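Reading through the C-alpha cells given below for one structure.
None of the figures in this text is laboratory data; all of them are computed from the coordinates on show. Just so you know, these numbers come straight off a predicted model, no measurement behind them. FYI the Cβ positions are ideal-geometry reconstructions off the backbone, even for glycines, and counts take in every protein chain you see.
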Amino acid sequence: MEVTTSLVTDNEFFSAERRDSMLLVRGKPHFARHAGDLKKIDTFFDHLEIISRTDEVNVVTFIGASEKAGGDETLEFFESLLASRREDYLLQRLLNLVNNYTVTMAGLNKVTINADCGRISLFHLNMALACDYRIVSEHTVFENTFAELGTVPKGGGGYFLSRMLGAGKAAEVLQWPRFTAEEALTLGIVDKIVPESKVEEAALTIADYYQERQVATMLAIRKLLKSDLNELRRSLETEDMLLLNRVNSPAFRTALEDRRAVRNAGA
C-alpha cells in the first residue's frame, strides 16, 4: 500500500496518477526554472526509483507540457547556471542525476511511452529516446541550442541515435540546430505524429495496447536492443567530460552571449 500511494503525486515539476496497471506522468512547464533547484529534480528521480521497484504497473506514459521554450530553455538554463556561485557543483550534480535517470529508464522493466508537442529541446528529446515509443504532435519542432553553443546535448543522444541511425547519420543529426516532426518520423526517431489535441489520447491508446499480453514481447525486444547499459554509462561519462570542458572555456561564454543577442534581436 505504501508503494501504491507513493506512485501518485502532484508537485511543481510533474504529476503522476494510476490507471490500472499504467502510470500516467505529466510534466509541467518551465523546466529550466526548476533546474537549479536540485530538491525538485531529486523528487522526480526519486519517483522514478519507486516506479522501477514496483510490480504494480507495467506501462509508464510520460506526457510533456505543451508550454515549453525549446532551445531557449537550454539557453536560460546555462545563463542561470553561470550566474550561480555554485556553478561547478550544480552542473556536476545535475549531470549525475540525468545519467542516473537515463540508465534507469533504459533498463526499466516496463514499457515506456513518451508523448510531447511544441518546441522540444534536444535534452527533452534525449529523455524521450530512452523510452520505447514516442509520439509528437503536428508542427512539433526539435531545437538544438547545444549545437549552437558548440557542445553536445545531455541525456544519451549520442548513444541512442547512433544505435538507431548509425554513427554517421547520428553525428549529422546532432549538429542540426532544429528539425521538424516529419523529419524525425522519417528518421525513425519518433513513431507517430498526431494533432496536438490528440497527443494524450494517442499515448493512452498505445498504453492500453501494451497492457495486454504483447507487453512480454515488447519487454523482450527492449532488453535485446538496450542491453548494453555499461556502454550507455561510458557514453554518458563522455558527454559529461565534453560538456564540462566546453562550459568552463571562455569560448562558451562568448557563444552564449552571441546566442542571447540573436534571441533578443528576434524578440
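So if I place +1 on the C-beta of Lys and Arg and -1 on the C-beta of Asp and Glu, and nothing else carries charge, what would the dipole magnitude of the stretch 59-127 be about its Cα centre? I want it in debye, nearest 20. Show your work: numbers first, answer last.
Working: 6 positive and 8 negative charges, 61 e Å.
The dipole magnitude comes to about 300 debye.
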Which of the peptides 222-228, 17-23 is most tightly packed, and how do the rest follow, judged by the mean count of other Cβ atoms within 10 Å per residue?
17-23, 222-228
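Return the loop-located GluC sites (Glu not before Pro) in the stretch 89-172 (DSSP other than H, G, I, E, B) with at most 16 other Cβ atoms within 10 Å of their own Cβ; answer none if there are none. Before the final figure, lay out each step's value.
Working: sites: 138, 143, 148, 172; in loops: 138.
For GluC sites (Glu not before Pro) across the stretch 89-172 that sit outside H, G, I, E and B with at most 16 neighbouring Cβ atoms in 10 Å, the list reads 138.
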Please identify every one of the GluC sites (Glu not before Pro) in the stretch 180-267 that sits in a loop by DSSP and has no more than 10 other beta carbons within 10 Å of its own beta carbon.
212
Can you tell me what percent of all Cα-Cα pairs in the stretch 145-257 are more than 25 Å apart?
42 percent
Compute the acute angle (0 to 90°) between the alpha-carbon long axis of helix 38-53 and the principal axis of greatest extent of the alpha-carbon atoms of the chain; round to the nearest 10°.
30 degrees
Among 124, 139, 47, rank each residue by its count of other Cβ atoms within 10 Å, from fewest to most, as a rough exposure measure.
139, 47, 124
On C-alpha positions alone, give me the angle between the axis of helix 250-266 and the longest principal axis of the chain, in degrees, nearest 10.
80 degrees
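In which sequence would 163, 234 go, from the one with the fewest C-beta neighbours within 10 Å to the one with the most? Please list the in-between numbers first.
Working: 163 16, 234 12.
Neighbour counts put them in this order, fewest first: 234, 163.
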Please work out the C-alpha center-to-center distance from the stretch 188-267 to the stretch 46-112 and express it in whole Å.
10 Å
Mean shadow of the chain, computed from the convex hull of its alpha carbons, in nm²?
13.8 nm²
Furthest towards positive pole of dipole, 139, 11, 175, structure part the chain, Cβ charges:
175
Degrees separating the helix 87-106 axis from the principal Cα axis of the chain, which is the longest one:
30 degrees
Dipole size in debye (nearest 20) for the chain around its Cα centre, Lys and Arg Cβ +1, Asp and Glu Cβ -1?
440 debye
Only helical DSSP H runs with n ≥ 4 go in: add -39500 (n - 2.57) per run for the chain, normalise by residue count and round the 222 nm mean residue ellipticity to 500 deg cm²/dmol.
-17000 deg cm²/dmol
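Can you give the % of DSSP beta bridges in the chain that are antiparallel, to the nearest 5? Write out the running numbers ahead of the final one.
Details: 11 of 31 bridges.
Taking every DSSP beta bridge within the chain, about 35 percent pair in antiparallel fashion.
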